[in-house]
Amino acid sequence: MTIVTGVTVRVPAKLNLQLAVGPPRADGYHDLVTVFHAVSLFDEITAEPARRDGVSVSGEGADRVPADGDNLALRAVSALRAEMPSAPGVHVTIAKRIPVAAGLAGGSGDAAAALVACNELWAGGFGPPQLAEIAARVGSDVAFALLGGTAVGRGRGEQLTPALAPATQYHWVLAFADGHLSTPEVYAALDRQRAREQVPAEPGLDPALMSALRSGDARLVGRALSNDLQPAALSLFPALRKTLAAGLELGALGALVSGSGPTCVFLAASADRALDLAASLSGAGVCRSVARASGPAPGAAIISGAR
Ligand code: C5P
């Protein structure tokens, strides 16, 4: 018998290359059509046997992550245990590099990583389809964090189809804001904005973006980036306009607010251009800090402690 004392999983941040949002549903969620894209900015989650379930968090924004049952990673542990009632206690340690409440699905990623780690630690034997189903119960973006790559999401974002695209690597610059946005508040702001305009149509996949992704041409991808939540995020966090404008002025191929924000993301033509853009943006004083990341990145994966 193999004894596993701890399992460490690495999980990527996500961007939305397109985020089309439909009208609010009866359950409070919105139907989406989105193109998820995982990038090489990773959290690391370790699961170890413990008498009781618990979580500790270190790194970027750790003080803003709940350390109780509200923690998404612990909610994922509970969701998996519902399928394995005799599973023992576990302590989850989260080393954060993905900023919290930044529109990068860091919390959802931590939940996905906890699922993968506990499935291994407990020898759960759940395969990707079963894990994806459990993930969808924990949050809208959790299933994508398991999958990684580039994928079209529908429903609440949990119904995924991998995008068929050449193996192009895209080079991104992420501008982290000095502040946070709450996802439900951004959706609510969008609903208010739309109440003053016409009722939104059912969301649809942007053919220009899909054809840009198939071509692997970063210039075309940059031009096709879109996010229906962006006007709402900008209304709540007007300083982001300046950040987006600065990145475009500095030569980004495209710019948008990531998910519900407030992180702004910029597509660069090459790794060198991304380096230049990151340096210039951090000098321009339009954000708290910058990072570079490439995508698509793989989904949640065990990096140590595998059986
Ligand atoms: O599913 P998750 O907990 O990540 O969603 C956070 C919040 O974002 C939801 O409570 C809801 O307010 C909003 N949301 C939404 N429609 C979606 C996904 C999220 O309205 N498709």
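The values are calculated or read from the model by the stated rules, or taken from the named source; none is laboratory data. If you're wondering where the values come from, they're calculated on a predicted model, not measured in any experiment. Cβ atoms come from the backbone with ideal geometry, glycine included; neighbour counts cover every protein chain shown. Quick note on the areas: whole protein, heavy atoms, side chains included, nothing else; ligands and nucleic acids left out. Shrake-Rupley method; radii C 1.70, N 1.55, O 1.52, S 1.80 Å.
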Scanning for something within 11 Å of the ligand (Cβ to nearest atom), outside any strand (DSSP E or B) and either in contact (Cβ under 8 Å) with a residue 60 or more places away in the chain or surrounded by fewer than 17 Cβ atoms within 10 Å (Cβ to Cβ) (or both), does the stretch 1-23 turn up at least one residue?
no
Those residues of the stretch 128-180 which are within 16 Å of the ligand (Cβ to nearest atom), in contact (Cβ under 8 Å) with a residue 60 or more places away in the chain and not in a helix (DSSP H, G or I), in sequence order
139, 140, 141, 151, 152, 153, 154, 155, 156, 157, 160, 180
Only one of these is away from the ligand (no atom under 16 Å from the Cβ), in contact with a Pro (Cβ under 7 Å, 6 or more places away or on another chain) and open to solvent by less than 50 Å² (accessible area, probe 1.4 Å): 267, 240, 281. Name it.
240
Given the condition open to solvent by less than 60 Å² (accessible area, probe 1.4 Å), modelled with pLDDT of 95 or more, aliphatic (A, V, I, L, M) and farther than 22 Å from residue 262 by Cα, answer yes or no: does some residue in the stretch 33-46 qualify?
yes
